[in-house]
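First comes the structure, then the notes that go with it.
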Amino acid sequence: MDKSTKKVAILGTGNIGSAIAEGMISSKQFKAEDIFITRRNAGLLAPFTKKGFKTGTDNLVAVKNSEVIIIAVTPQQLDGLLNEIKKVLDVKKHILISIVSGASIKEIKERIGKNVPVVRAMPNTAIAIKESMTCIASDASVNVLDIAKSIFNSVGQTMVIDEALIGPATALCACGIAFFLRAIRAASQGGIEIGFHSEDALLMAAQTAKGAASLLTKGLSHPEKEIDKVTTPMGITISGLNQMEHNGFSSAMIKGIVTSAEKAAKIYSSKK
Ligand SMILES: NC(=O)c1ccc[n+]([C@@H]2O[C@H](COP(=O)([O-])OP(=O)(O)OC[C@H]3O[C@@H](n4cnc5c(N)ncnc54)[C@H](OP(=O)(O)O)[C@@H]3O)[C@@H](O)[C@H]2O)c1
């Protein structure tokens, strides 16, 4: 990251804001003292203060002390926050990274009334362990995009996409964490029914899921190619797999992702 843009403010330290903060310091590319995190409930900031982060309830102080401003409040809270900080946003100094679902770059710029560079980013909660898939979109300069990428590359993988695809990326990657976790949980429940204690079944299911994902991310393979290797003719795997498909396994996942993407497209405008 450019030396002159190392101070980062995270405004909103709930589920994802705190995961970003944790991931950034565990990457060792950022120091806790260079990250200013805020939320309104000061008591809940205490664990972060102990870890060396700058913390507080005053967003204006956080913005004035930072160059990169990550906005991590809910869509309902966004307008209030932008109204509050717009007076101290400096076009020449600040870059705004919004991870808020549904709010477009145009809507954010209109709300602040200044041409501050705005990037939209869609990470997921695996950012806390540096395993996020973060999609990024911006109409700002390559330099601004590089700064955003350098933050999110330190805590997982990034992909630059068109802004129109940020809603779909929310469904596939941010909501996707819950979808895959539910799949692992379901597998572990199957494991319990066939004889394993719950902790063992969960570990076995999670490690198997991790192995399957790694065959794709590290082996650069395709799911069907790997499935073909497991499905012996008239064998055990194909019987189970086909039974799942008869019950709508792939269809349920596809329909869930489409439903979440549709909701992501409306979430900001419906909250105003
Ligand atoms: N969770 C995910 O996996 C995920 C992934 C990608 C993107 N997102 C997006 O990230 C945003 C936050 O999601 P979340 O799940 O982290 O929600 P959350 O847990 O409710 O976090 C929102 C945080 O913002 C704080 N906040 C609200 N108003 C504030 C203000 N004026 N100044 C400073 N802090 C303020 C709240 O704390 P106080 O009440 O103490 O102020 C709360 O901790 C949403 O827009 C969501 O769509 C979430």
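The values are calculated or read from the model by the stated rules, or taken from the named source; none is laboratory data. Keep in mind the model is a prediction, meaning the values are calculated, not measured. Heads up, the Cβs are rebuilt from the backbone with ideal geometry, glycines too, and the neighbour counts pull from every protein chain shown.
For residues that are within 10 Å of the ligand (Cβ to nearest atom) and either touching a Cys at 6+ places or on another chain (Cβ under 7 Å) or of a type in the set (S, T, Y) (or both), tally how many sit in region 62-81.
Total meeting the criteria: 1.
So which residues in region 39-60 are more than 10 Å from the ligand (Cβ to nearest atom), touching a residue at least 12 places away in the same chain (Cβ under 8 Å) and either closer than 11 Å to L11 by Cβ or not β-branched (V, I, T) (or both), if there are any at all? Lay out the reasoning, then the answer.
Kept after step one, since they are more than 10 Å from the ligand (Cβ to nearest atom), are these residues of region 39-60: 46-55, 60.
Those still in the list that are touching a residue at least 12 places away in the same chain (Cβ under 8 Å) too: 48, 51-55, 60.
Listed by number, the residues that qualify are F48, K51, G52, F53, K54, L60.
Consider only pairs whose beta carbons are under 7 Å apart and that are at least six residues apart or on different chains; among these, list those whose first residue lies in region 131-143 and is within 11 Å of P117 (Cα to Cα) and whose second residue is of a type in the set (D, E, K, R).
S138/R120
So which residues in region 94-124 are surrounded by 15 or more Cβ atoms within 10 Å (Cβ to Cβ) and part of a loop (DSSP other than H, G, I, E, B)?
Scanning region 94-124 gives H94, I99, V100, S101, G102, A103, S104, V116, P117, P123, N124.
Taking into account only those residues within region 82-95 that are of a type in the set (A, V, I, L, M, F, W, C) and within 14 Å of the ligand (Cβ to nearest atom), which is farthest from G12 (Cα to Cα)?
In this case the residue turns out to be V88.
Within region 148-205, track down each residue that is in the same structural domain as A128 (by TED's automatic domain parsing) and of a type in the set (S, T, Y).
S150, S154, T158
Looking at region 96-116, which of the residues that are without any contact (Cβ under 8 Å) to a residue 40 or more places away in the chain and within 17 Å of I35 (Cα to Cα) is nearest to the ligand (Cβ to nearest atom)?
That would be S98.
Taking the conditions exactly as written (under 19 Å from I37 (Cβ atoms), touching a helix residue (DSSP H, G or I) at 6+ places or on another chain (Cβ under 8 Å) and either hydrophobic (A, V, I, L, M, F, W, C) or outside any helix (DSSP H, G or I) (or both)), does I127 satisfy them or not?
yes
Could you list all residues from region 3-38 that are within 15 Å of the ligand (Cβ to nearest atom) and over 16 Å from the mean Cα position of the chain (by Cα)?
Answer for region 3-38, where residues must be within 15 Å of the ligand (Cβ to nearest atom) and over 16 Å from the mean Cα position of the chain (by Cα): V8, A9, I35, F36, I37, T38.
Can you spot a residue in region 140-147 that is in contact with a helix residue (DSSP H, G or I) (Cβ under 9 Å, 6 or more places away or on another chain), away from the ligand (no atom under 16 Å from the Cβ), at pLDDT below 95 and not assigned by TED's automatic domain parsing to the domain that holds F180?
Scanning region 140-147, I find at least one residue that is in contact with a helix residue (DSSP H, G or I) (Cβ under 9 Å, 6 or more places away or on another chain), away from the ligand (no atom under 16 Å from the Cβ), at pLDDT below 95 and not assigned by TED's automatic domain parsing to the domain that holds F180, so the answer is yes.
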